[in-house]
Amino acid sequence: MIYYFSGTGNSLYVARHLADALGERLCPMTLPAPTNDEVIGLVFPVYGWGIPNVVEQFARNMRFESCYLYAVMTCGDDMGYADEVLEKALGRKLDAAFSVLMPDVYVCLPGFDVDSKEECKEKFAQEEFSVKEIAACIKERKQVRKLKRGPFPWTKTYVIRPLFNRYLVTDKYFRVDASKCISCGRCQKMCPVGNILIVDEVPQWQKHCSGCLACYHACPHHAINFGKMTQKKGQYNLMKQLHE
Ligand SMILES: Cc1cc2nc3c(=O)[nH]c(=O)nc-3n(C[C@H](O)[C@H](O)[C@H](O)COP(=O)(O)O)c2cc1C
């Protein structure tokens, strides 16, 4: 079984390819954790050189017999020691861990924006090779790590990440531009953790945000912003295509 979490679609895209290559089934991490599968895969995005709160919760609740356990982490650039953060939540070592470069969706800090069309194209081309390689490793039950940790990985994961989680993984800065919002409800539909309610035709966030930015990226009129930081940033929504 492959369990996945995905905000904007990249990790679901990779999880589907991997499931096809391995003949495995897919299950969202929002359902109860597994018990006794022989091989378990976890596919999810890297957030702040660590793991999303949803994945951490899922990993903490996992009750597994001895199984071959691997993780595939999608990231826009580099993943620091996200594999170690996952292992801490799991309470065990991973047998194999991989990172896959996918289009960057982080836009909430200065200097961060979505990738250009060319960059996206290159990453999608590379993804195909990466998934083939990962599938081959998993079929052979290899003990392996193929990870792009990037520069200063320890500082990013163990110094910056706690601050990132504390101050930036929150829904309290989301604002809706009433002149642009058409009350289509797409933000609510796209939120993978059911954190948005539409009240009087306006989205309201319910304070259990995963930080995935699906609401921001899915809005067809760029009516949702994270403070003022994202007003001039791009949008990216692969999830919409995956559901069509
Ligand atoms: C809150 C947040 C934090 C992120 N942090 C990182 C990071 O530390 N390193 C990185 O390379 N990409 C980072 N990204 C980019 C995502 O990992 C990447 O775009 C991923 O493929 C998105 O997956 P998804 O479409 O399945 O949600 C971040 C994205 C978000 C929304």
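Cβ-Cβ distances below 7 Å connect the following pairs, each with a first residue in the range 205-218 that is farther than 17 Å from residue 46 by Cβ, a second residue that is within 11 Å of the ligand (Cβ to nearest atom) and of a type in the set (Phe, Trp, Tyr), and a separation of six or more residues or different chains: 216/226.
If only residues of the range 172-201 that are closer than 23 Å to residue 12 by Cβ, free of Cβ contacts under 8 Å to residues at least 40 places away in the same chain and in a loop (DSSP other than H, G, I, E, B) are counted, the one that is nearest to the chain's Cα centre (by Cα) is 191. Scanning the range 139-160 for residues that are touching a Gly at 6+ places or on another chain (Cβ under 7 Å) and either under 23 Å from residue 9 (Cα atoms) or outside any helix (DSSP H, G or I) (or both) yields 149, 150. Against the test of being in contact with a His (Cβ under 7 Å, 6 or more places away or on another chain) and either more than 28 Å from residue 27 (Cα to Cα) or among the charged types (D, E, K, R) (or both), the options 160, 182 yield a single qualifying residue, 182.
The set of residues in the range 15-37 that are in contact with a strand residue (DSSP E or B) (Cβ under 8 Å, 6 or more places away or on another chain), within 16 Å of residue 135 (Cα to Cα) and away from the ligand (no atom under 16 Å from the Cβ) comprises 22, 24, 25. Condition test on residue 179, is it on the phi > 0 side of the Ramachandran plot, small (Gly, Ala, Ser) and more than 16 Å from the ligand (Cβ to nearest atom)? Spelling it out, it is not the case that residue 179 is on the phi > 0 side of the Ramachandran plot, small (Gly, Ala, Ser) and more than 16 Å from the ligand (Cβ to nearest atom). Among the residues of the range 211-236, just one is crowded, with 22+ Cβ neighbours inside 10 Å and among the polar types (S, T, N, Q), namely 230. Considering the range 203-217, the residues that are touching a strand residue (DSSP E or B) at 6+ places or on another chain (Cβ under 7 Å) and part of a helix (DSSP H, G or I) include one that is nearest to the ligand (Cβ to nearest atom), namely 216.
In the range 40-84, the residue that is modelled with the lowest pLDDT out of those that are more than 10 Å from the ligand (Cβ to nearest atom) and of a type in the set (D, E, K, R) is 65.
The values are calculated or read from the model by the stated rules, or taken from the named source; none is laboratory data. Since we're looking at a predicted model, the values are computed, not measured. Cβ sites come from the backbone with ideal geometry, for glycine too, and all protein chains shown count toward neighbours.
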